[in-house]
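Read through the structure below, which is laid out as structure tokens, and then see the notes.
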Amino acid sequence: MTAPTCRACGAALTRTFCDLGLSPLANSYVTPERRHRGEVFHPLHAYVCDACWLVQLEAFESPEAIFSDYAYFSGFSAGWLRHAERYVDAMMARFGLGPDSKVVEVASNDGYLLQYFVARGVPVLGVEPAANVARAAVERGVPTDVAFFGRDTARRLAAEGHKADLTAANNVLAHVPDILDFVAGFAEILKPEGVATFEFPHLLRMIESRQFDTIYHEHFSYLSLGVVIGILRRQGLRVFDVEEWPTHGGSLRVFACHDGASHAPTPNLERVVLSEWAANLFDPSGYEDFGRAVADIKCAALRFLIEERAAGRTVCAYGAAAKGNTFLNYCGIDPELIQAVADRSPHKQGTWLPGSRIPVVSPDDLLAMRPDTVLILPWNLKDEIAGEMAAIRDGGGRFAVAIPALTVF
């Protein structure tokens, strides 16, 4: 068998970053009619490219198979909505956006972000490949083009009058197998002085906090600033600023423009890139210990859950998120150890998690079960979730997270 090749530079991929075994698609929730049927499991094996240092998975399913009918709706996270509204206010103030401007969001989901531009009188367009999610955006008053974004889509939209003063692409750069074509689309749709922003989980924080559950098939790439600068440069785009955010366990917001635009670079670029060099992200040594640390997390979580069961304590989980599905399938956890998982999204309630087949219930149903322990799977939202589910602690229960280390509180 030939080695897989890097999607950014074409070099052979021979260095393992993390091998999580076999796993189904993380957002392929099992509906009642599919409950008694099998599932397809693919290798969840992340490589790091020795030539350009892009961390990546092989592509086993097409974007059409993964994203055309999607179970993730951004608007169900109160914390994420607050983050989106802060972004809108900051971009309007920084770049002077108003009724004569145009904002295009790629992977606009259910209109969670663009709704705030609409409320402030700024014309918008969402681009979203999942028709079921796009319908929710339109119902919010957000015009949405149902399409996968890339060079051809961008050219079509530009010809239709949608050249953008600002484009937003939040948590999507990692989701595209053809990352070069995707990035080329922004060069097509931006006005000469337009700005593109990209938000994505920072590889540096992922390694530092052992966030292996960020790895799932919908995430084709795992990104550092240095790598993203190189990818954008190949398509004629120049990074001029970067911000660090706590979202998703530590993310970057990268600002880019046409190479000839007037936006001046900020000192933030050098600071973040130097931190990546200090962490050896451009050297094999920066990737050597991650797999061993992940195995330690798995062992600690299983030990805890087995001890809970042996003591007669019931355990449920909160958050039917993709990262939780990676964690559960890698650890081999099923309903014998976790009875149910609660989620606010009605689109997930009444289904079963892929692979583990743990039933998804509403938060009210979970409270009625009165579990002794609730394992919060989206650990990055643990404070928000513990606050929403305070009745668990009031009833004598407790919460736990497994990443970056097992913590009971």
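The values are calculated or read from the model by the stated rules, or taken from the named source; none is laboratory data. What you see is a predicted model, and the numbers here were worked out from it, not measured in a lab. Note: ideal-geometry Cβ built from the backbone for every residue, glycine included; neighbour counts use all protein chains shown. Heavy atoms of the whole protein, side chains included, go into the accessibility calculation; ligands, DNA and RNA do not. Shrake-Rupley method; radii C 1.70, N 1.55, O 1.52, S 1.80 Å.
Some notes on this structure:
- The stretch between Asp372 and Arg35 holds 118.6 nm of extra length on full extension. This uses 0.36 nm per residue minus the Cα-Cα distance.
- Here each label is just a point 7 Å from Cα along the line to Cβ, and for Ala78 and Asp364 those points are 1.7 nm apart.
- The local environment of Gly96, defined by Cβ-Cβ distances under 12 Å, has a net charge of -2 under the rule Lys, Arg +1 and Asp, Glu -1.
- Candidate cross-link partners of Lys323 among the aspartates and glutamates, defined by an alpha-carbon separation under 16 Å and a same-chain spacing of 8 or more, comprise Asp19, Asp213, Glu218, Asp334, Asp343.
- Evaluated over the chain, the Cα radius of gyration and Dmax, each in Å: 21.2, 66
- Calculated Rg and Dmax of the stretch 332-409 using C-alpha coordinates, Å: 12.0, 32
- FRET efficiency, 1/(1 + (r/R0)^6) with R0 35 Å, evaluated for Phe282 and Arg155 via beta carbons: 0.55
- Sequence ranges 329-335, 302-308, ranked by mean other-Cβ count within 10 angstrom, highest first: 329-335, 302-308
- Distance-filtered residues of the stretch 192-224 - backbone nitrogen under 17 Å, label point 7 angstrom along Leu180 Cα→Cβ: 221
- Cα centre as origin, Lys/Arg/Asp/Glu Cβ charges: the chain dipole, Debye: 220
- Dipole axis of the stretch 218-345 (+1 Lys, Arg; -1 Asp, Glu on Cβ), positive-most option in Leu302, Pro335, Asn268: Pro335
- Selected from Tyr222, His202, Phe240, residue furthest toward positive end of dipole (the stretch 198-242; charges at beta carbon): Phe240
- Springs join every pair of Cα atoms under 10 Å in this Gaussian network model of the chain, and among Tyr222, Tyr87, Tyr29 the largest mean-square fluctuation is at Tyr87.
- Per residue value of the accessible surface for the chain (all protein chains in place, 1.4 Å probe), Å²: 40
- Taking only protein heavy atoms and a 1.4 Å probe, the accessible area of the chain is 52% carbon and sulfur.
- Exposure ranking of Thr31, Thr167 by accessible area [1.4 Å probe, largest first]: Thr31, Thr167
- Full-extension gain in nm, Arg303 to Phe409, via 0.36 nm per residue minus C-alpha separation: 36.5 nm
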